[in-house]
1. Determine which single condition residue 277 fails, assuming it passes every other condition in (1) open to solvent by less than 20 Å² (accessible area, probe 1.4 Å); (2) at pLDDT below 80; (3) of a type in the set (Gly, Ala, Ser).
2. Taking residue 247 as meeting all but one of (1) within 22 Å of residue 297 (Cα to Cα); (2) touching a Ser or Thr at 6+ places or on another chain (Cβ under 7 Å); (3) open to solvent by less than 10 Å² (accessible area, probe 1.4 Å), write down the number of the exception.
3. Select from the stretch 92-151 the residues that are among the aliphatic types (A, V, I, L, M) and outside any helix (DSSP H, G or I) and list them in ascending order.
4. Could you grab me the full set of residues in the stretch 174-222 that are touching a residue at least 60 places away in the same chain (Cβ under 8 Å), among the aromatic types (Phe, Trp, Tyr) and more than 23 Å from residue 237 (Cβ to Cβ)?
5. Please work out if residue 192 is open to solvent by 40 Å² or more (accessible area, probe 1.4 Å), of a type outside the set (Lys, Arg) and closer than 29 Å to residue 88 by Cβ.
6. Scan the stretch 78-103 and report the pairs whose first residue is within 15 Å of residue 159 (Cα to Cα) and whose second residue is hydroxyl-bearing (Ser, Thr, Tyr) and open to solvent by 20 Å² or more (accessible area, probe 1.4 Å), with Cβ atoms within less than 7 Å and a gap of 6+ or a chain change.
7. State all residues of the stretch 213-235 that are open to solvent by less than 20 Å² (accessible area, probe 1.4 Å), within 30 Å of residue 296 (Cα to Cα) and not small (Gly, Ala, Ser); if no residue qualifies, say none.
8. Within the stretch 33-77, take every residue that is among the aliphatic types (A, V, I, L, M) and in a loop (DSSP other than H, G, I, E, B) and give me the one that is nearest to residue 149 (Cα to Cα).
Amino acid sequence: MKNSEIRKDYFLDKYVIIAPKRKNKPKKVANIDDSSPSSCYFCSPQVDDPKNQIQIKNYNFGEHSWRIKVIGNLYPALSKDNIKAYGYQEVIIETPEHNKEIHELSNDQMHKIFDVYIDRYKTLMQKKGICYVVVFKNEGGKAGASIPHAHSQVYALPIIPPRISAEADAADNYFQKHKSCPYCDIIKSEKDGPRVIWEDEHLFVLAPYASESPYGAWFLPKRHIRSILDLREVEKDSFVRALKSLLTKLDEIDVSYNYFFQNSLDNESHHLILKLAPRPNVWGGLELDTGIIVNPMPPEEAVKFYQKGIGAQSNL
């Protein structure tokens, strides 16, 4: 692809400009405090001291010491005690090991991280007044991370974010028109096409046609399920293997990224999706003013990047 294209999302009223001539080498912002274990907030013994951290739950998984720890955010934007900004914020510390990124952990540890995601999502969705829970990860300075110890975050909100509500409405409108799930149809239409990154019996990973992010990827369970609460063990394994493969490739070019789960709204039946959004670029005036994102990496080229060394299929 040599020339720019304006592309519309599959079913949302959103547009992206794919502009390959504006490529530049992705770089991770090196402004994260590269602290040592002795001064890291998320390392023992600092993280285990109730005077330093809000202790929520340790996940030992049969071992004497914790393998994953959940603490409260020390600088929360939301609080269960603040009626004007009600909600919950939690930090999931993914490993006791300092300076180890999630893709460097074992498959078993990543599987357990998914189990903790599910447990925290279930717990917070049951809190009074909570309407939406988002589980997400920031990795690298450009993605908003500030501590180099592997961790994810959970926000429990008293509102349904307008962007999530708009996507849910668009999915409902699509279903009314076509009598089918838009994401299930995306899997069918993209299968065997140029944007498939990774696939096995349970999971479909693609570079979306109108990707807002360079190297952006969507992880879609092939089974139509509503949320991470519905994931089977084999589906978690597929998520772990695919996510680890893609994050390892991103690490090769040292790029920051976010990923986040979009679960179905309560009483709805929308398709669970994990969205990976690498962050090599900073949005400018066009993006902030119009909401039209300029992406210099065509999704079809992102596929070639990911497939180099990992193959399109999980067993290659």
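The values are calculated or read from the model by the stated rules, or taken from the named source; none is laboratory data. Keep in mind the model is a prediction, meaning the values are calculated, not measured. Here the Cβ is made from the backbone with ideal geometry for all residues, glycine too, and neighbour counts use every protein chain on show. We work out accessible area using only protein heavy atoms, side chains counted, and drop any ligands, DNA or RNA first. Shrake-Rupley method; radii C 1.70, N 1.55, O 1.52, S 1.80 Å.
1. Going through the list (1) open to solvent by less than 20 Å² (accessible area, probe 1.4 Å); (2) at pLDDT below 80; (3) of a type in the set (Gly, Ala, Ser), residue 277 breaks only (2).
2. In the conditions (1) within 22 Å of residue 297 (Cα to Cα); (2) touching a Ser or Thr at 6+ places or on another chain (Cβ under 7 Å); (3) open to solvent by less than 10 Å² (accessible area, probe 1.4 Å), residue 247 misses (2) alone.
3. Applying the first criterion (among the aliphatic types (A, V, I, L, M)) to the stretch 92-151 yields 92-93, 102, 105, 110, 113, 116, 118, 124-125, 130, 133-135, 143, 145, 147, 150.
Across the stretch 92-151, the qualifying residues are 92, 93, 105, 130, 133, 134, 135, 145, 147, 150.
4. Hits for the stretch 174-222 are 174, 209, 215.
5. Working: open to solvent by 40 Å² or more (accessible area, probe 1.4 Å): yes; of a type outside the set (Lys, Arg): yes; closer than 29 Å to residue 88 by Cβ: no.
Criteria not met by residue 192.
6. From the stretch 78-103, the pairs are 78/86; 78/88; 78/155; 80/86; 80/88; 85/79; 87/155; 89/155.
7. 214, 219, 220, 221
8. Of all residues in the stretch 33-77, those among the aliphatic types (A, V, I, L, M) come to 47, 54, 56, 68, 70-71, 74, 77.
Then keep just the ones that are in a loop (DSSP other than H, G, I, E, B); that gives 74, 77.
Details: 74: 16, 77: 21 Å.
In this case the residue turns out to be 74.
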